[in-house]
Amino acid sequence: MPASVDDGRPPSPYRVLLRLPGAALFAATAAAGRIGIAMTGLGLLLLVRERSGSFATAGAVVAAFAVAEALLGPQVARLVDRWGQSRVLPPLVAAHAAAVAGLLLSPVPPLALAALAGATIPQLGALSTARWVALLRGRRLAASLPAAFSLESLVNALAYLAGPVLVSVLAGAVDPALGTGVAAGLVVASGLALALQRSTSPPAGHPAHHPAGGGGGLLRPGFLAVLLVNLAIGVHFGASQVAVTAFAVERGTPALAGVLFGISSGAGLLAGWAYGLRRWGSAPPRQLVVLGAALAVACTALSLSTALPVAVTAVLLAGAVVPPVLVLSTVLAEAHVDPRSLTQALTWLNSAAAGGSAGATALAGLAVDARGAPAAFLVSVAAGAALALVAGVGARVLGQTVALSSNQGGRP
């Protein structure tokens, strides 16, 4: 493997990672499916709204999908950990395809089918991350895990930028059913393609080399602390969507919300890319304390000022905080769970973030109705403060990753 590129500088850690055997293929496969996942919720909303004429009905269908995904996704992931991706994915995506087909053929899609579609949608981000862990640990390249997780964060962010746009175009220009159908097609094709890539699939039910060792349960202090971190960042997601929208509406410029969301997403993409490029000397819990404090400061500024320059600066800072937090939570989770439970653990992190987002959306909506956008931003302030507090208080149980963090950004 060449150690340098034409100009004599070492290659990007992302480029080196993707040159590993099978890595680019499974990463691209999962990325395509994640675009489909990012399309699914909005696609269902548009489909049911068009067929029922009711946003309330559409919201109930999407809620049934989301709740089933959050609650049953970890149980499906448990089966993946036990039996392996290649055995679980084919029947899982077949069930998902059948559920979506039923939704497409129903005049008014029923809640039960929506719940089945949510319960059977494969957690492709967790599956791809588990492959990175198996690949890098199997080659004694554990120091490159944070860079791999940063790459995963970038892929996820890009999927959630492209997915909603694609499904909106398909639904508006052709038919809402097409958007939902394309989303399901991407998810199913990705799941089947991953099942065929056996060389990079993690071993089923077999504990590979892992520094933390121990039993297979998830009820460990370190993992529970990481779960709270993801819950807090989910609260920020949900609250910021409502608060930023309300901020723009109160200024009399509703379109400003889209601009601010775009700025936040752009800052997140840049921060996620940059975070994986370098080596960080401080321990992950300490980094989380700093990032949580930065999030709280940014959202405090948004709650205190209506000046547009302040809002843009604060949104930039808040957006840049999120990807490193997600990378660090993955690093910490991987270090604190038995490898036989890794897919399930990663899926629980997603469920915690989704639960926090759902609750915060409702709470921020009440805050806006009562006291306007500044009150909604205070929900995100609380989320940032809670994130920093959990990381600070839990630093002792999370400290097992100090050795890994000192090599963060290392290259194979």
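The values are calculated or read from the model by the stated rules, or taken from the named source; none is laboratory data. These numbers come from a predicted model, not from an experiment. A quick note on method: Cβ atoms are made from the backbone with ideal geometry, for glycine too, and the neighbour counts reach across all protein chains shown.
Just a few scattered comments:
- Residues of the range 358-399 that turn out to be among the hydroxyl-bearing types (Ser, Thr, Tyr) and surrounded by fewer than 22 Cβ atoms within 10 Å (Cβ to Cβ), as a count: 1
- Taken together, the criteria exclude Gly281 from residues that are on the phi > 0 side of the Ramachandran plot and either surrounded by fewer than 23 Cβ atoms within 10 Å (Cβ to Cβ) or charged (D, E, K, R) (or both).
- Of note, Leu277 does not satisfy the criterion of being more than 22 Å from the chain's Cα centre (by Cα) and farther than 18 Å from Val393 by Cβ.
- Ala232 being outside the structural domain of Ser153 (by TED's automatic domain parsing), in a helix (DSSP H, G or I), crowded, with 20+ Cβ neighbours inside 10 Å and in contact with a Leu (Cβ under 6 Å, 6 or more places away or on another chain): yes
- Any chance Leu196 is over 27 Å from Ala66 (Cα atoms) and outside the structural domain of Gly276 (by TED's automatic domain parsing): yes
- Picking from residues in the range 133-185 that are of a type in the set (Ser, Thr, Tyr), closer than 20 Å to Leu277 by Cα and in contact with a Leu (Cβ under 6 Å, 6 or more places away or on another chain), the one that is surrounded by the most Cβ atoms within 10 Å (Cβ to Cβ) is Ser153.
- Residue match in the range 328-346 (condition: part of a helix (DSSP H, G or I), under 30 Å from Ala255 (Cα atoms) and in contact (Cβ under 8 Å) with a residue 12 or more places away in the chain): no
- A single member of Val327, Val322, Val312 is among the β-branched types (Val, Ile, Thr) and more than 16 Å from Asn230 (Cβ to Cβ), and it is Val312.
- Yes/no for Gly59 being farther than 20 Å from Val188 by Cα, surrounded by fewer than 22 Cβ atoms within 10 Å (Cβ to Cβ) and under 22 Å from the mean Cα position of the chain (by Cα): yes
- Any hit, the range 95-105, residues being over 21 Å from Ala58 (Cβ atoms) and either under 21 Å from the mean Cα position of the chain (by Cα) or in contact (Cβ under 8 Å) with a residue 24 or more places away in the chain (or both): yes
- Residue tally, condition of a type outside the set (A, V, I, L, M, F, W, C), within 20 Å of Arg251 (Cα to Cα) and assigned to a helix (DSSP H, G or I), over the range 274-327: 4
- Only one entry of Ala115, Ala97, Ala101 meets the criterion of being surrounded by 21 or more Cβ atoms within 10 Å (Cβ to Cβ) and among the small types (Gly, Ala, Ser), and that entry is Ala115.
- Test: residue in the range 45-56 that is among the hydrophobic types (A, V, I, L, M, F, W, C), touching a residue at least 40 places away in the same chain (Cβ under 8 Å) and out of contact with any Pro (no Cβ under 9 Å at 6 or more places or on another chain): no
- Count of the range 145-167 residues which are over 19 Å from Gly266 (Cβ atoms) and small (Gly, Ala, Ser): 2
- Some residue of the range 110-123 being closer than 26 Å to Val321 by Cα and outside the structural domain of Val331 (by TED's automatic domain parsing): yes
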